[in-house]
Amino acid sequence: MMSPLATLLARGKKAARHAPWPRVAVDADAWTDAAGLLGRGECALLGLWGDGASVHMALLDEAANAVGVLTLACPDGGFPSVGAQHAPAIRLERTIRDLWGLTPRGAPDDRPWLDHGKWDGGAVIPYAFLPVEGEGLHEIAVGPVHAGIIEPGHFRFTVNGETVVRLEQRLGYVHKGVERLMVGKTLDEAAIVAGRLSGDSTVAWQIAFARSAEAALGVEVPGRAHFLRALMAEIERLANHFGDIGAVCNDATYPLLLAECGMLRERTLRAADAAFGHRLMRDRVIPGGVAGDLAPDGGDAIRSLVTFVRERFPRIVEIYDGAASLQDRTVTTGIVRPDLVRRFAAGGHVGRASGRAFDARKAFAFPPYDIVDFDTPLFGEGDVNARLWVRIREVEQSLALVSQILGRLPGGPFFVDLPRKRSGVEGMALVESFRGDCLAWLRIGADGRIERCHLRDPSWFQWPLLEAAIEGDIVADFPLCNKSFNCSYSGHDL
Amino acid sequence: MRSVFLRNLLGGPATEAAPAADDAAMAEVADAMKRSARAALGRSLAIREVDAGSCNGCELEIHALNNPFYDVERFGLKFTASPRHADVLLVTGPVTKNMAEALRRTFDATPDPKWVVALGDCGRDGGCFAGSPAIVGGVGDVIPVDLVVPGCPPRPIDILKGLIALMDGAARA
């Protein structure tokens with residue numbers, strides 16, 4: 001029997017040059033049926049984006065790790081709302097309307113999202129926050145400029161006493177017009193922009209972008225390039241997890257662990273600098289491979305980092321696990337229910353703390369993840385503590401991965417020239433960042449330049465869950481919850 | 001926990017206060033900071049960081065300034081939670097159209113005398129986002145800038161050096 005996704009894909013006309021997964025043009029009925037499939041949980045939504053006068057929807061059949069893209073032409077400027085049947089699509093549809101002017105018909109929320117009314121200099125329409133009514137309620141408005149050294153966004157809390165009744169987010173403040181900016185750029189130029197979608201995931205995003213371009217062009221990069229990319233990606237994961245573990249503990253008034261984790265993070269960035277010539281390893285991954293080889297003493301720098309972390313990190317975990325005052329803040333705080341995580345197809349530590357194991361490195365096993373040994377840690381409690389434990393276990397896995405990758409690093413070239421002449425080809429990639437799965441999709445047009453590129457950050461499906469996580473908790477626990485998610489503003493705002 | 005405290009107490013500081021010969025830049029920074037910051041502002045300088053549209057890369061390196069290796073508070077540099085307590089606005093990002101007003105308001109809320117540092121290539125002139133219809137431009141296109149620290153992102157040591165340069169300039173003014 002065909003899977004629901006395969007049945008759906010068979011109803012449309014297949015695009016000739018879309019790789020590695022199929023893309024089919026469908027009619028409005030099939031589109032609406034796809035939304036129903038999502039609403040019933042028979043498929044997961046990977047992305048939903050505009051493309052001129054069309055919309056694309058990327059679907060994942062989790063049981064089979066099968067991916068497909070549906071395309072609906074919108075000659076009359078609209079398309080049947082997916083959000084009407086599947087809530088995770090709502091913000092994506094609002095964005096499509098803001099950026100492409102296509103209307104989701106029957107959408108449950110017709111407010112703008114990234115468009116704050118400031119792009120064309122016209123009159124700004126006040127944003128209508130959702131009404132909350134009840135006795136003894138008041139509102140706390142936070143942002144866009146926050147008290148810490150963090151990205152801007154607005155949080156509107158409705159509280160009763162100390163208890164949060166509702167959190168409503170308003171994002172879009174750091175919208176930089178990334179996708180519009182990429183149009184007409186060469187692959188190398190566009191890769192630079194992709195690496196600045198979300199600064200903490202610069203390696204993961206440049207891998208995602210490069211893989212989508214390579215898929216479109218039908219190019220396989222050399223083995224050494226695959227290994228060096230994965231090495232950088234795991235180092236990036238380590239650096240981010242150290243930063244976040246320390247920050248969560250600091251928000252629970254445990255600065256000792258912030259200092260300890262801060263040292264681990266700094267050592268990690270210095271090792272990255274020694275090995276690849278940049279602390280965040282920015283612009284080291286390029287379409288066709290990597291920009292430069294591992295520095296001659298880079299392997300030693302990374303190996304001594306691993307030794308240092310293996311000595312220090314277990315003590316940090318021991319302190320965290322043994323401190324009642326810390327556990328009091330993190331255990332049972334900010335719970336995300338497993339069914340919500342499944343419905344939103346939330347990846348990374350948000351998904352894995354609530355029982356969703358999806359990991360693009362496992363699901364699609366692109367090299368070198370097809371030959372190295374690692375586990376995807378999984379917890380079920382869904383609280384701040386579980387999200388921390390996912391990170392702790394991922395640190396251990398990434399340390400093992402880094403050692404394996406270094407030990408099995410193949411020789412040979414680390415770059416392959418790309419064919420420059422092919423146009424009208426489309427490619428797609430799903431790559432695992434420390435935060436979750438990054439989706440990159442692109443079409444290469446005339447003279448090898450970008451005709452359309454879409455980048456969907458994992459934060460899109462995590463931000464809404466933060467609203468759910470804080471409900472019923474106290475305001476003072478919000479920083480803990482927020483840090484345990486660490487969603488990207490920039491990645492989301494595009 | 002006791003073992004970590006003991007190690008930190010007995011093992012000497014991680015802070016690179018007495019830099020090794022190959023780390024002369026850090027010593028230079030420590031010295032210069034003492035001289036210039038005191039001349040201009042006494043013993044401390046309060047910094048309010050504003051992300052006006054960055055990718056978050058610059059923020060990561062600003063955070064690093066607070067780790068035990070750099071420990072900027074020993075120089076009297078302190079990050080504040082409010083612009084009303086700040087001497088310096090440290091602004092990152094190409095300024096997006098959606099953040100321009102918030103940046104202007106933050107500037108207005110900062111008491112005089114005040115300085116503005118535009119951090120990173122994007123803060124300088126929009127960086128790789130220059131030309132996007134969704135951004136205004138660099139920080140200087142929205143509020144007056146006293147100093148630019150380029151880089152993508154600038155290294156923590158470069159941010160420190162930039163703040164020193166600002167202090168030197170302020171001391172001479």
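The values are calculated or read from the model by the stated rules, or taken from the named source; none is laboratory data. From a predicted model like this one, the values you see are computed outputs, not experimental measurements. We place every Cβ from the backbone using ideal geometry, glycine too, and count neighbours over all the protein chains shown. The area values use the complete protein model at the heavy-atom level, side chains included, leaving out ligands, DNA and RNA. Shrake-Rupley method; radii C 1.70, N 1.55, O 1.52, S 1.80 Å.
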Only one of A:G246, A:G195 is open to solvent by less than 10 Å² (accessible area, probe 1.4 Å), at pLDDT 95 or above and over 17 Å from A:D283 (Cα atoms), namely A:G246
All but one of (1) surrounded by fewer than 18 Cβ atoms within 10 Å (Cβ to Cβ); (2) facing chain A (nearest Cβ under 10 Å); (3) charged (D, E, K, R) hold for B:D121; which doesn't?
(1)
Every residue in the stretch A:338-374 that is charged (D, E, K, R) and not in a loop (DSSP other than H, G, I, E, B), please.
A:D339, A:R342, A:R343, A:R352, A:R361, A:K362
The lone exception for A:S459 - which of (1) assigned to a loop (DSSP other than H, G, I, E, B); (2) within 24 Å of A:K176 (Cα to Cα); (3) out of contact with any Asp or Glu (no Cβ under 7 Å at 6 or more places or on another chain) it fails:
(1)
Go through the stretch B:137-152 and give me each residue that's in a loop (DSSP other than H, G, I, E, B) and among the hydrophobic types (A, V, I, L, M, F, W, C).
B:V142, B:I143, B:V145, B:C152
Any pair with Cβ under 7 angstrom, 6 or more apart, that starts in the stretch A:240-256 at a residue that is in the same structural domain as A:R391 (by TED's automatic domain parsing) and ends at one that is surrounded by fewer than 22 Cβ atoms within 10 Å (Cβ to Cβ) and not in a helix (DSSP H, G or I):
A:Y254/A:A323
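Determine if the stretch A:149-158 includes at least one residue that is open to solvent by 30 Å² or more (accessible area, probe 1.4 Å), over 25 Å from A:S433 (Cα atoms) and modelled with pLDDT of 95 or more. So that I can check it myself, show each step before the final result.
In the first step, residues of the stretch A:149-158 are kept if they are open to solvent by 30 Å² or more (accessible area, probe 1.4 Å); the result is A:150, A:156.
Now narrow it down to the ones that are over 25 Å from A:S433 (Cα atoms): A:156.
Keeping just the survivors that are modelled with pLDDT of 95 or more gives A:156.
The answer is yes, given that some residue of the stretch A:149-158 is open to solvent by 30 Å² or more (accessible area, probe 1.4 Å), over 25 Å from A:S433 (Cα atoms) and modelled with pLDDT of 95 or more.
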Scanning the stretch A:22-54 residue by residue, the ones that are farther than 19 Å from A:F461 by Cα, of a type outside the set (S, T, N, Q) and part of a strand (DSSP E or B) total 4
Members of the stretch A:11-20 that are open to solvent by 40 Å² or more (accessible area, probe 1.4 Å) and closer than 15 Å to A:M57 by Cα
A:R11, A:K13, A:K14
Which of the residues belonging to the stretch B:92-123 are touching a residue at least 40 places away in the same chain (Cβ under 8 Å), of a type in the set (A, V, I, L, M, F, W, C) and not in a strand (DSSP E or B)?
B:M99, B:A100, B:A102, B:L103, B:C122
Restricting to the stretch B:124-136, count the residues that are touching a strand residue (DSSP E or B) at 6+ places or on another chain (Cβ under 9 Å), within 13 Å of chain A (Cβ to nearest Cβ) and not in a loop (DSSP other than H, G, I, E, B).
3
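Counting only residues that are of a type outside the set (G, A, S) and not in a loop (DSSP other than H, G, I, E, B), how many does the stretch A:375-410 have?
Summing the residues that are of a type outside the set (G, A, S) and not in a loop (DSSP other than H, G, I, E, B) in the stretch A:375-410 gives 19.
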From the list A:I235, A:I316, which residue is farther than 26 Å from A:D437 by Cα and either assigned by TED's automatic domain parsing to the domain that holds A:W21 or open to solvent by less than 10 Å² (accessible area, probe 1.4 Å) (or both)?
A:I316
Anything in the stretch A:370-384 that is buried (at least 17 other Cβ atoms within 10 Å of the Cβ) and more than 15 Å from A:G347 (Cβ to Cβ)? List them, or say none.
A:V372, A:F374, A:E381, A:D383, A:V384
Tabulated pairs, the stretch A:306-329, first over 30 Å from A:A275 (Cβ atoms), second among the β-branched types (V, I, T), C-beta under 6 angstrom, 6+ apart or interchain
none
Can you tell me which residue within the stretch A:262-290, out of those that are in contact (Cβ under 8 Å) with a residue 40 or more places away in the chain and open to solvent by 30 Å² or more (accessible area, probe 1.4 Å), is farthest from the other protein chains (Cβ to nearest Cβ)?
A:I286
Hey, A:I335 hits all of (1) within 14 Å of chain B (Cβ to nearest Cβ); (2) in contact (Cβ under 8 Å) with a residue 40 or more places away in the chain; (3) assigned to a loop (DSSP other than H, G, I, E, B) but one; which does it fall short on?
(1)
Which of the residues that make up the stretch A:434-455 are crowded, with 21+ Cβ neighbours inside 10 Å, over 18 Å from A:E179 (Cβ atoms) and not acidic (D, E)?
A:F434, A:R435, A:G436
Going through A:V132, A:V82 one at a time, which residue ends up being open to solvent by less than 20 Å² (accessible area, probe 1.4 Å), within 20 Å of A:W463 (Cβ to Cβ) and without any contact (Cβ under 8 Å) to a residue 60 or more places away in the chain?
A:V82
Can you find, within the stretch B:41-91, the residue that is farthest from the other protein chains (Cβ to nearest Cβ) among those that are over 17 Å from A:V174 (Cα atoms), open to solvent by less than 20 Å² (accessible area, probe 1.4 Å) and in a strand (DSSP E or B)?
B:L45
Would you please name the residue that is farthest from A:R180 (Cα to Cα), looking only at residues in the stretch A:85-129 that are open to solvent by 50 Å² or more (accessible area, probe 1.4 Å) and of a type in the set (A, V, I, L, M)?
A:A128
Output the residues belonging to the stretch A:208-232 that are outside any helix (DSSP H, G or I) and open to solvent by less than 20 Å² (accessible area, probe 1.4 Å).
A:V221
